[in-house]
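This report refers to the structure that appears directly beneath it.
Since every read-out is calculated from the coordinates, none of them should be taken as a lab result. If you're wondering where the values come from, they're calculated on a predicted model, not measured in any experiment. Note that we place each Cβ from the backbone using ideal geometry, even for glycine, and neighbour counts take in every protein chain shown.
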Amino acid sequence: MIHFQDINDHAQQLGIDDIKVTHTEPFIIELQHFREQQLAGLFTNRRHRHFAKIEKFYDVKSVLANARSVITACEYYYTDEDDDLSEPGNPCGRIARYTWRNYYRDLRHRLEKLAEYIHSKNAHSYVVHSNGPVAEKPLAQRSGLGYYGKHSILIHPVYGSWVVLGEIITDLDLDPDRPLSMDCRDCRACIDACPTQAIKEPYIIDRTRCIQELTNWCGPIPEDIMEVWSTRLYGCTTCQDACPQNRSAKPVKPRTSIGQVGSCIPLFEVLNSDETAYRKHYPDNQITASWINFTAIQRNALIALGHTGDTTAFPYLEKFSHAPDQILSRAAQWSLSRMHNA
């Protein structure tokens, strides 16, 4: 018979930062909240592909019919490797901290080894992680791995929100942990810091205005959002940077080399590339994941150039201002106008 302490000890040996356990009841209330936000128009069409099977997303037994427990896990990714190479003639676009390397895949590999250990004890399991088939944050919250910040990101009591999540669904009958009795109280730092006011109210995000979401979405960016886009190429962590719970975070050395891209990428390189070359140059990272549209990445690069003030960008912006793709031409025209009027 395998006990949770055995699993926890093995998880620590594998370098998994923390694990908890929750039960397998479906998330009825969370599903209702999702539908309410969907009806309110708070999602981009990037997420529409998930809507047809959303009931399954909130029920872990859709993955493992005889599941009895879910082991939730996290990996801390706050590192000290900022390597901004921007200089005149070589403007770079910022990459969100969580994807400087592929910590999601690294955690998955560690969880797969933990699942092998569980399997060796005659139990069955299924490993899931980012963009997987189940609701990760509700599982993590219910297990006591962390609590929701008002930005709707999970906050771990030790590691803050600088964690990626993963789970093992298993037919083991483990005692569930309790949710944490913690919250953000009257703090609204993340709400005030959001450059697009995408946090409509605590725990409610308008993803049609969230830069993190929009860097993944392929469509025209509203002008007021382009104005505050800054030099972001992929992702946004402004709300996390503002969170008081992250102030005590101590940087650690990187724990994986999977999908390493660093904190910024040369923008001209992105605009000179075709999709095949781009994906080949940055393999195994979220910025080249299958759901990322290359047009969206080039659009992001064009908007970022408008914020650099680097005049060597003019030939690129002029070229793309005449692109047949209106998403790209509109972004380039906006950046040209911004730089000429600066």
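Taking a straight line from the alpha carbon of Lys53, these lysines sit under 24 Å away, with near neighbours fewer than eight places off in the same chain left out: Lys61, Lys137.
For region 189-340, what D do you get in µm² per second when you plug the Kirkwood radius from alpha-carbon pairs into Stokes-Einstein at 25 °C and 0.890 mPa s?
Working: Rh = 16.6 Å.
Stokes-Einstein gives a translational diffusion coefficient of 148 µm²/s.
A Förster radius of 35 Å, combined with the Cβ-Cβ distance separating Glu55 from Lys250, puts the computed FRET efficiency at roughly 0.30.
3J(HN,Hα) along region 121-128: 9, 6, 10, 9, 7, 9, 8, 10 Hz, from the Karplus curve 6.51 cos²θ - 1.76 cosθ + 1.60 with θ = phi - 60°, whole Hz, x for Gly and Pro.
Cross-link partners for Lys121 among the lysines, with Cα-Cα distance under 20 Å and sequence neighbours closer than 8 places in the same chain left out: Lys20, Lys113. Answer with a single label: of [x] -0.28; [y] -0.31; [z] -0.42, which was calculated as log10 I(q)/I(0) by the Debye sum over Cα atoms at q = 0.07 Å⁻¹ from the structure in view? Looking at log10 I(q)/I(0) by the Debye sum over Cα atoms at q = 0.07 Å⁻¹ for this model, the match is [y]. Computed across region 212-272, the Kirkwood radius stands at 14.6 Å (inverse of mean 1/r, all Cα pairs).
Selection among Ala40, Thr99, Ser130 by position relative to the dipole of region 1-148 gives Ala40 as farthest towards the positive end (Cβ unit charges, Cα centre). Simple spin-label estimate for Met182 and Asp84 gives 3.0 nm between the two label positions (7 Å along the Cα-to-Cβ direction from each Cα). Across region 189-340, the relative contact order, built from alpha-carbon pairs under 8 Å that are at least six residues apart, equals 24 percent. Straight Cα distances below 12 angstrom link Lys250 to the aspartates and glutamates Asp80, with same-chain residues fewer than 8 positions distant left out. Among Met1, Met339, Met182, a tally of other beta-carbon atoms within 10 Å of each Cβ gives an order, fewest to most, of Met1, Met182, Met339. Each residue of region 229-243 is assigned a 3J(HN,Hα), and the resulting list reads 5, 6, 9, 5, 9, 8, x, 7, 10, 4, 5, 6, 4, 7, 5 Hz, derived from the Karplus form 6.51 cos²θ - 1.76 cosθ + 1.60 (θ = phi - 60°), x at Gly and Pro.
Any idea what the dipole of the chain comes to, in debye rounded to 20, about its Cα centre with Lys/Arg Cβ at +1 and Asp/Glu Cβ at -1? Don't skip to the answer; put the middle values down first.
Values: 37 positive and 42 negative charges, 89 e Å.
Result for the chain is approximately 420 debye, rounded to the nearest 20.
Pairs of alpha-carbon atoms within less than 8 angstrom and 6+ residues apart define the contacts here; what relative contact order does the chain have, in percent? Numbers along the way, then the final one.
Values: 627 pairs, mean separation 75.7, N = 342.
Contact order relative to length: 22 percent.
Ordered by the number of other Cβ atoms lying within 10 Å of each residue's own Cβ, fewest first, Glu167, Glu227, Glu75, Glu36 fall into the sequence Glu36, Glu227, Glu75, Glu167. Computed over neighbours whose Cβ is under 14 Å from that of Asp82, the net charge equals -1, Lys and Arg +1, Asp and Glu -1. Sorting Cys187, Cys74 by the number of Cβ atoms found within 10 Å of their own Cβ, with the fewest placed first, yields Cys187, Cys74.
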